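Taking it in order: structure first as structure tokens, then the write-up.
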Amino acid sequence: MKVSVIFPCYNCEAFIKETLENLCLQTRLPDEIICVDDGSKDRTTDIITEFSNHHDRVAIKLISQPNSGVSVARNNGIEHASGDVLFFLDADDAFCECFIEVALIKCSEGYDCIYGYFSHDYEQLNQDEGTVHPICCDKMTAFEDFTYNKDRCHTSAFAYRKDIIDTFNI
């Protein structure tokens, strides 16, 4: 399965390099990283371009758009994604090192969506708590998490099969 990681970025020069490094340290590398710059006024796009020029293990696509908001940026990334499984990440977040690998295993077992926890704290990436760990569950558990445990589910902790997004026009 081909993997696309999509993340919008806006004025995130302070942490964008760490986010890209995190993705390049996954036990299963993404096939492409799609960075959708939402009209940054700082060095965000320069840092992404520099990083891309020095890292050839992963294809990094930089898409620039006028400031339109995070949802438009994510949708723009989806339109440019070629992966079978789409991972969404915010520019200041990070996955635990096995998130993509485990999510792909679960997708191959028939799961349509995988979600997990995340951390904004790069110091915690090597600790068990505060990192993104994939979770597979039935629809009722997912509904309860989304409805009642709002602090547990965030945009950056999801992976979807692309055919599900296309079929249901999500």
Checklist entry - Can you tell me which residue in segment 11-55 is surrounded by the most Cβ atoms within 10 Å (Cβ to Cβ), limited to those that are more than 15 Å from the chain's Cα centre (by Cα), among the charged types (D, E, K, R) and over 21 Å from ALA81 (Cα atoms)? => result GLU13
Checklist entry - Just one of the numbered conditions (1) among the hydrophobic types (A, V, I, L, M, F, W, C); (2) within 23 Å of LYS162 (Cα to Cα); (3) in contact with an Asp or Glu (Cβ under 8 Å, 6 or more places away or on another chain) is not true of VAL36; which one? => result (3)
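Of everything in segment 1-10 that's crowded, with 23+ Cβ neighbours inside 10 Å and under 19 Å from ASN67 (Cβ atoms), which residue is farthest from the chain's Cα centre (by Cα)?
Restricting attention to segment 1-10, the residues satisfying the condition of being crowded, with 23+ Cβ neighbours inside 10 Å are 3-9.
Checking the rest, the ones that are also under 19 Å from ASN67 (Cβ atoms) come to 6-9.
Values: ILE6: 5, PHE7: 6, PRO8: 9, CYS9: 11 Å.
That would be CYS9.
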Checklist entry - So which strands (runs of 3 or more DSSP E) are wholly in segment 56-170 and hold at least 2 residues that are buried (at least 18 other Cβ atoms within 10 Å of the Cβ), within 13 Å of the chain's Cα centre (by Cα) and at pLDDT below 90? => result 113-116, 158-161
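Would you check if there is a residue in segment 7-23 being out of contact with any Leu (no Cβ under 6 Å at 6 or more places or on another chain), part of a helix (DSSP H, G or I) and within 25 Å of ASP163 (Cα to Cα)? Spell out the reasoning first.
First, pick out the residues of segment 7-23 that are out of contact with any Leu (no Cβ under 6 Å at 6 or more places or on another chain): 8-23.
Applying the additional criterion that residues be part of a helix (DSSP H, G or I) yields 16-23.
Still in the list and also within 25 Å of ASP163 (Cα to Cα): 23.
Yes: one or more hits.
The values are calculated or read from the model by the stated rules, or taken from the named source; none is laboratory data. Predicted, not measured: the structure shown is a model, and the values here were computed from it. Note that each Cβ is placed from the backbone with ideal geometry, even for glycine, and that neighbours are counted across all protein chains shown.
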